[in-house]
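So the structure is just underneath, and the comments pick up after that.
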């Protein structure tokens, strides 16, 4: 098979392409890449896993390979969020980290997220080199010879206490506690269990945790905190009169938020809202970053607050670079990824949920009310996306259609074409449409935005027809 790293690591179906043999090849290649890069003896490598089927077994195989390459392995005890591993890499001054997770993908998938020494996702130049080494390994046996074996070590490692302590330096827990909010939290059977809920309970707050046990099937669905997964959380919030309903995905790097009225606050809305909140509450004046697929509501907030706007390709690694350079107060993606100034260059769903709780506590109004106030200042935008299955027929014509230079689509005049990542058509009047092949699923995603909800639906359908006709 061809092992390729997408926007967030390598993912494949368990027992199909995600096998122990391929895990050995990928781990060997990552170790060789790190040795090429640093050429140091006894480097530390953090290895963890989420709550998926066989996660700890795959992690143990990877640890064994890393030890043979001379690495000191800190193997996380229990399912571990990806942002927690990011913190551990920095805290332990590790060469990098591997988390066995397929994030929000369906339960039959497994994956490896590889993080560099800064705690952020590996950049394209790194994953390209790893893929080259994988091809070299696959051409031989994929095994390291005994005479090449190094002497490393494996240590059990609990990264949770230090990560939660670090959050206390970035979240105003005293203000949250003083507001005496009541919360529900749904980790979707994932790694956030014992992290987000513990952080709030440690502050003396009442939290009801849903799905607070390991289920490798995630209830028979994808562990993604999107609208379709929020019914039980929404019902809990409404029936018990709670302040917020909070959710994270399988590896804790994506967020979902239900307001006190049962309304879901979309990632596009929360990214814009928290940008506004941080500029106001922290007094930060650096810029703000969003991916090319994320709402231009962020642009309007940036203009209103006098912040520089950065647009990046899809993939949090690009936003992470700006966080490392201290050029932004917040970076976010419409796919529910978010991090802030002074945090790690990796998306953190636990952090995002806690910031939402903080904004409600300090401003003293619900998120829905805060959005209404924001819209009164900058105007409202409606955002959406759909997926078009990448069939053989669609794939055959996709590249040619994405390379076209149309002047209009369905009668809409195109003012600008942005090819930063996929193709983004910006229309007269401020609406836009982006077409981009997914980096993790066999789909072409169509994103769109308009000031009118009905027009948004029309725009998405026009995008579908453009691809299929």
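Please treat every number below as a calculation from the coordinates, not as lab data. Model, not experiment: these values are computed from the prediction. Don't worry about glycine lacking a Cβ; one is built from the backbone with ideal geometry, like all the others, and counts go over all protein chains shown.
Of interest is the spacing of the C-alpha centroids, which for the range 51-126 and the range 418-440 amounts to 32 Å.
Averaging the sequence gap over all C-alpha pairs within less than 8 Å and six or more residues apart, then dividing by the number of residues, gives the range 325-469 a relative contact order of 19 percent.
Note on residue 304 and residue 4: the extension gain reaches 103.9 nm, defined as 0.36 nm multiplied by sequence separation minus the Cα-Cα distance.
Normalising by residue count, the range 10-159 has a Cα convex hull of 99 Å³ per residue. Counted residue by residue at 0.36 nm each, then reduced by the alpha carbon distance between them, the extension gain from residue 210 to residue 362 reaches 52.1 nm.
With only the Cα atoms considered, the range 322-469 has a convex hull volume of 146 Å³ per residue.
What does the C-alpha gyration tensor say about the overall shape of the range 220-293? Classify as rounded when a/c is under 1.5, otherwise prolate if a/b is larger than b/c, or oblate. Oblate, because a/c is 1.5 or more while a/b does not exceed b/c.
Looking at the chain, the DSSP beta bridges with both ends there are about 60 percent antiparallel. Note that the range 276-354 shows a convex hull volume over its alpha carbon atoms of 78 Å³ per residue.
Over all Cα atoms in the range 168-378, the spread is summed up by Rg and Dmax: 16.0, 46 Å. In summary, the chain shows an alpha-carbon radius of gyration equal to 0.97 times the 2.2 N^0.38 Å reference for compact globular proteins. Note on the range 191-226 and the range 313-335: Cα centroid distance 26 Å, given to the nearest whole angstrom. Label positions at residue 458 and residue 419, each projected 7 Å from the Cα along the C-beta direction, are separated by 3.0 nm. Between residue 469 and residue 375, the distance separating the two model label sites (each 7 Å from Cα on the Cα→Cβ line) works out to 3.2 nm. Relative to the 2.2 N^0.38 Å rule of thumb, the range 382-468 has a C-alpha radius of gyration ratio of 1.01. Across the range 442-461, the residues whose backbone nitrogen lies under 17 Å from the label position 7 Å along the beta-carbon direction of residue 263 are 451-454.
Packing, as the average of other Cβ atoms within 10 Å across residues, places the peptides 364-374, 193-203 in the order 193-203, 364-374, highest first.
Look at the alpha carbon pairs under 8 Å that are at least 6 residues apart: their mean separation over the length of the chain gives a relative contact order of 13 percent.
Overall dimensions of the range 152-255, expressed as equivalent-ellipsoid semi-axes from the Cα gyration tensor (√(5λ), whole Å, largest first), are 23, 21, 10. Computed extension gain for residue 392 through residue 60, at 0.36 nm per residue and net of the alpha carbon distance, reaches 115.7 nm.
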